[in-house]
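Student: Okay, handing you the structure first.
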Amino acid sequence: MRGIGIGRRLLEDQIERAKTAPVSLITASYNQAAPSLYKNNGFSETARADAVAFFENGRKHEWVLLTRDAR
């Protein structure tokens, strides 16, 4: 159910709850929809770390830390 705005609405709700505090989140590098959603909402990539492959196909991926400054 991608493309109907659920992720955007959930993210906006969490940003609103944070008020003026900074917000951080972690996503997997294989989640191709995530970067544009987060960057369009003021997040920037802060760090990456190798993740342990736990899927059946053993696909290598990274954890991506994104942060949004206090507003």
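Laboratory data are not the source of any read-out in this text; all were calculated from the coordinates shown. On a predicted model such as this, the values are computed, not experimentally measured, just so you know. Don't worry about glycine lacking a Cβ; one is built from the backbone with ideal geometry, like all the others, and counts go over all protein chains shown.
Student: List the pairs whose first member sits in the range 6-19 and is over 14 Å from Ala70 (Cβ atoms), whose second member is of a type outside the set (A, V, I, L, M), and whose Cβ atoms are under 8 Å apart, counting only residues at least 6 apart or on separate chains?
Tutor: From residues that are over 14 Å from Ala70 (Cβ atoms), the pairs are Arg8/Asn41; Leu11/Tyr38; Leu11/Asn41; Glu12/Asn41.
Student: Condition first: over 30 Å from Arg59 (Cβ atoms) and surrounded by 10 or more Cβ atoms within 10 Å (Cβ to Cβ). Now tell me which residues in the range 14-37 satisfy that. It would help to see each step written out before you state the result.
Tutor: First pass over the range 14-37, keeping only residues over 30 Å from Arg59 (Cβ atoms): 15-22.
Matches in the range 14-37: Ile15, Ala18, Ala21, Pro22.
Student: For the range 1-26, which positions are more than 16 Å from Thr46 (Cβ to Cβ) and of a type in the set (S, T, N, Q)?
Tutor: Gln14, Thr20
Student: Tally the residues that are among the β-branched types (Val, Ile, Thr) and under 13 Å from Leu37 (Cβ atoms), restricting the search to the range 5-20.
Tutor: Residues in the range 5-20 being among the β-branched types (Val, Ile, Thr) and under 13 Å from Leu37 (Cβ atoms): 2 in total.
Student: Here is a follow-up. Being loosely packed, with under 12 Cβ neighbours inside 10 Å and in contact (Cβ under 8 Å) with a residue 24 or more places away in the chain is the filter here, so list the residues in the range 41-58 that pass it.
Tutor: Once the filter is applied, which keeps residues that are loosely packed, with under 12 Cβ neighbours inside 10 Å and in contact (Cβ under 8 Å) with a residue 24 or more places away in the chain, the range 41-58 yields only Ser44.
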